[in-house]
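Comments concern the structure below.
The values are calculated or read from the model by the stated rules, or taken from the named source; none is laboratory data. Just so you know, these numbers come straight off a predicted model, no measurement behind them. Cβ sites come from the backbone with ideal geometry, for glycine too, and all protein chains shown count toward neighbours.
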Amino acid sequence: MENLGSLALLFAFCFAIYTVLAALVGKWKDRAYLAVSAERAVIALWALVTTAAGTLVYLLFQNDFRLSFVAAHSNRDLPAVYKFAAWWGGQEGSLLFWLWILSTYAVVAVYTNRRKHRDMMPYVITILVTVQCFFLILVNFVANPFQVLAAGGEITAVPDGRGLNPLLQYPAMVIHPPFLYLGYVGFCVPFAFAAASLITKQKGEAWIATTRIWTMVTWLFQTCGIMLGARWAYAVLGWGGYWAWDPVENASLLPWITATAYLHSVMMQEKKGMMKVWNIVLISATFFLCIFGTFLTRSGVVSSVHAFAQSPIGKYFVVFLALGIAATVYLILNRLDFLKSENQLESLVSRESSFLFNNLLLLASCFAVLWGTLFPVLSEAVTGEKISVGAPFFNKVNVPIGLFLLFLTGVGPLFAWRRTSVESLKRNFLWPSVVSLALGAALLATVTRNFYALMAFMLSCFVGLTILAEFYKGARAIQAKGGGSLVVCAAELTHRNTRRYGGYIIHMGIVFMFIGFTGAVFTSEAQQEMNLGDTLKVAAYSFRLTDLKQTDNRNYASSVATIEVSNNGELLQTMHPERRFYHASEQPTSEVAIRPRLKEDVYVVFAGMSNEGQKPVIQVFVNPLVNWVWLGTLVVIGGTLIALVPSKVKLAYARTQVLGTTKKHEVLAQS
């Protein structure tokens with residue numbers, strides 16, 4: 001079976017080379033049959049890569065420990081769901097997974113555009129398949145997932161494997177990497193269309209219209225992947241937090257930041273013909289940051305709990321990044337005249353300026369995160385000493401930037417195009433400003449004097465009120481014309497312009513997330529060695545250890561503590577934090593017990609046994625407002641899904657265009 005997988009990858013590499021040549025020659029020599037052949041070869045590529053991926057998954061389930069990959073990342077007693085997750089749990093399998101998703105995306109992109117953009121499609125195919133070629137080189141010649149174990153020149157096998165990393169044996173980790181990869185890989189498609197539009201000097205913004213939904217869906221996958229990773233870190237790693245500015249965490253955040261900037265500024269190109277250079281640069285940066293993130297995870301240049309082991313694979317990524325960035329920079333510089341803006345910025349108090357400031361702030365944040373991530377590598381290269389940059393640096397730089405971005409989230413969408421009048425500013429922002437200042441004064445007097453916490457709560461209030469006011473005004477206008485409840489009218493309002501009001505819902509989700517982020521300022525924690533009957537007090541809670549049990553199964557042995565949680569003498573809940581030891585990998589982990597509430601989480605960790613006396617070590621965190629982060633994520637997902645739904649008005653125009661009723665409807669449907 002391993003021969004089938006290896007042959008499929010080798011044939012896929014040959015097909016990829018043919019696809020690139022057929023697409024380019026078909027375009028340059030005007031050979032339509034070659035262009036069509038290249039499109040069909042993309043499907044053949046997908047079939048071959050799928051065959052290889054299916055073979056690897058089959059061998060994982062068959063416990064074929066002749067394969068080095070299976071022996072290193074699976075074992076006989078591993079639950080089936082984690083056997084499947086082992087596909088992307090190791091270096092070689094994750095590269096094949098990356099390649100399979102890209103092959104799938106390429107097929108979808110070619111099929112959905114089979115009758116559109118005929119001038120661009122050969123170049124789109126060339127770019128997508130060139131990236132596939134790179135990963136096919138890796139999985140064929142550098143990190144082959146079908147490498148067998150050998151001893152004395154003969155194929156051998158081990159009795160059982162080491163199993164999947166225990167930290168990855170968590171339900172969210174079954175879906176976190178796929179979502180993150182769907183985001184990482186998906187940005188290849190809009191980049192391919194953007195580069196193809198430059199190569200062919202396409203007039204207009206056809207590539208933007210084609211890739212807008214694609215980019216939004218990819219951004220949504222990336223958002224889900226990042227937040228699932230944060231949830232995993234919170235629920236599994238046992239340190240009480242969800243974001244540590246770890247290098248690999250940062251690597252997933254960087255393309256998300258530039259993609260967010262792109263999704264905002266692309267509206268300027270659609271509406272005003274502005275920021276064309278910005279958009280090309282942003283979508284290109286997003287793609288290369290995705291490749292860079294893949295490089296960081298696999299090269300071993302940074303230390304991270306998320307990263308794979310050190311590997312020589314990094315130099316291949318460096319060469320690919322260098323060549324790709326150089327080619328893209330040359331192409332952009334060569335097409336600067338083609339990218340001239342059609343309009344100019346007229347006022348600093350306008351929607352155009354808010355998009356510009358939004359881009360500048362997001363890029364400043366991206367640069368700060370990138371600099372902090374690479375600083376240990378750069379310092380070691382220059383001085384020979386690796387100097388780490390911790391969370392204080394990232395927080396010091398990004399908290400002010402984040403607060404300014406939160407402010408723009410509230411004011412930007414309500415600014416008028418070109419320039420905003422004083423009367424409009426008063427009408428939209430007076431009452432939200434007054435209420436936010438009153439909230440700040442109340443919090444200052446009763447809760448905290450922390451400047452950033454006060455600003456975060458005040459700005460969250462301000463932005464939330466401006467968004468609610470927009471829904472209220474629109475719903476009242478519909479209610480005045482046709483009646484109905486405000487809720488029904490608000491739903492009708494959203495359906496009429498899903499892109500705009502879905503965006504408002506996304507912004508409300510960001511507000512909720514900022515409320516959750518701010519709660520970290522008020523975290524309380526304590527740690528204690530405890531005997532049965534001992535009590536630990538944290539904030540308003542008391543924690544009493546009442547029992548300690550030992551259990552064992554084929555996958556792991558565990559110690560389970562029973563802890564009674566009370567508040568002012570009232571028993572609230574019995575919690576069961578756990579300490580596990582996995583047999584195959586011989587690694588310990590902590591299973592955290594969490595009591596989630598909208599106000600605060602009670603978070604209990606069985607950290608292990610003390611060195612002296614073998615007492616259980618219990619660590620407790622009280623994390624205020626943390627569930628607002630997860631609630632905000634759900635709201636962002638909901639808002640994005642709404643924004644992807646076609647607006648009711650556009651659907652009506654599309655129907656009238658099909659019926660051919662009036663020329664007016666036809667024009668409106670195309671706008």
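Scanning the stretch 1-31 for residues that are under 15 Å from THR51 (Cα atoms) and among the small types (Gly, Ala, Ser) yields GLY5, SER6, ALA8, ALA12. Checked against the criterion of being farther than 30 Å from GLN147 by Cβ and touching a Phe, Trp or Tyr at 6+ places or on another chain (Cβ under 8 Å), the stretch 29-36 has no qualifying residue. For VAL25, the test of being more than 21 Å from ILE137 (Cα to Cα) and part of a helix (DSSP H, G or I) is passed. Checked against (1) at pLDDT 85 or above; (2) over 30 Å from ALA416 (Cβ atoms), SER311 passes all but condition (1).
Test TRP232 against the stated conditions and say whether it is within 19 Å of LEU102 (Cα to Cα) and hydrophobic (A, V, I, L, M, F, W, C). Reasoning before the result, please.
Numbers: within 19 Å of LEU102 (Cα to Cα): no; hydrophobic (A, V, I, L, M, F, W, C): yes.
For TRP232, the condition - within 19 Å of LEU102 (Cα to Cα) and hydrophobic (A, V, I, L, M, F, W, C) - is not met.
For ALA593, the criteria (1) of a type outside the set (Val, Ile, Thr); (2) over 29 Å from ILE226 (Cβ atoms); (3) in contact with a His (Cβ under 7 Å, 6 or more places away or on another chain); (4) modelled with pLDDT of 90 or more hold in every case but one, which is (2).
Go through the residues of the stretch 487-509 one by one and say whether even a single one is of a type in the set (Val, Ile, Thr), surrounded by fewer than 22 Cβ atoms within 10 Å (Cβ to Cβ) and free of Cβ contacts under 8 Å to residues at least 60 places away in the same chain. Yes - at least one qualifying residue is present in the stretch 487-509.
Condition check for ARG419 on (1) closer than 25 Å to SER354 by Cα; (2) part of a helix (DSSP H, G or I); (3) of a type outside the set (Asp, Glu): one failure, at (2).
Just one of the listed residues (THR211, THR215) is within 16 Å of the chain's Cα centre (by Cα), in a helix (DSSP H, G or I), modelled with pLDDT under 95 and on the phi < 0 side of the Ramachandran plot, namely THR215. For beta carbons closer than 6 Å, sequence separation of 6+ or different chains, a first residue in the stretch 267-294 that is in the same structural domain as GLU249 (by TED's automatic domain parsing) and farther than 20 Å from LEU331 by Cβ and a second that is among the aliphatic types (A, V, I, L, M) and not in a helix (DSSP H, G or I), the qualifying pairs are MET268/MET274; MET268/MET275.
I'd like to check something: does the stretch 224-244 contain any residue that is closer than 15 Å to HIS117 by Cβ, in contact (Cβ under 8 Å) with a residue 60 or more places away in the chain, hydrophobic (A, V, I, L, M, F, W, C) and crowded, with 20+ Cβ neighbours inside 10 Å? No, the stretch 224-244 contains no residue that is closer than 15 Å to HIS117 by Cβ, in contact (Cβ under 8 Å) with a residue 60 or more places away in the chain, hydrophobic (A, V, I, L, M, F, W, C) and crowded, with 20+ Cβ neighbours inside 10 Å.
Could we say that ALA172 is surrounded by fewer than 22 Cβ atoms within 10 Å (Cβ to Cβ), small (Gly, Ala, Ser) and assigned to a helix (DSSP H, G or I) here?
Numbers: surrounded by fewer than 22 Cβ atoms within 10 Å (Cβ to Cβ): yes; small (Gly, Ala, Ser): yes; assigned to a helix (DSSP H, G or I): yes.
Criteria met by ALA172.
Only one entry in VAL411, VAL377 is surrounded by 14 or more Cβ atoms within 10 Å (Cβ to Cβ), within 30 Å of LEU454 (Cα to Cα) and not charged (D, E, K, R), namely VAL411. Return only the number of the condition from (1) among the hydroxyl-bearing types (Ser, Thr, Tyr); (2) touching a residue at least 24 places away in the same chain (Cβ under 8 Å); (3) touching a His at 6+ places or on another chain (Cβ under 7 Å) that THR562 does not satisfy. Checking THR562 against (1) among the hydroxyl-bearing types (Ser, Thr, Tyr); (2) touching a residue at least 24 places away in the same chain (Cβ under 8 Å); (3) touching a His at 6+ places or on another chain (Cβ under 7 Å), the one that fails is (2).
All conditions in (1) at pLDDT 90 or above; (2) in contact with a strand residue (DSSP E or B) (Cβ under 7 Å, 6 or more places away or on another chain); (3) crowded, with 24+ Cβ neighbours inside 10 Å hold for GLY183, with the sole exception of (2).
Among the listed residues GLY410, GLY390, which satisfies the condition of being assigned by TED's automatic domain parsing to the domain that holds HIS264 and in contact with a Phe, Trp or Tyr (Cβ under 6 Å, 6 or more places away or on another chain)? Can you show your working first?
On the way: GLY390 fails: in contact with a Phe, Trp or Tyr (Cβ under 6 Å, 6 or more places away or on another chain).
The conditions single out GLY410.
Taking residues in the stretch 469-486 that are β-branched (Val, Ile, Thr), and partners anywhere that are surrounded by 14 or more Cβ atoms within 10 Å (Cβ to Cβ), the pairs with Cβ atoms closer than 6 Å and at least 6 places apart or on different chains are ILE478/CYS489; ILE478/GLU492; ILE478/LEU493. Counting only strands (runs of 3 or more DSSP E) that fall entirely inside the stretch 535-620 and contain at least 2 residues that are over 30 Å from ASP160 (Cβ atoms), of a type in the set (Val, Ile, Thr) and not assigned by TED's automatic domain parsing to the domain that holds ASP77, the qualifying elements are 535-538, 556-567, 600-609.
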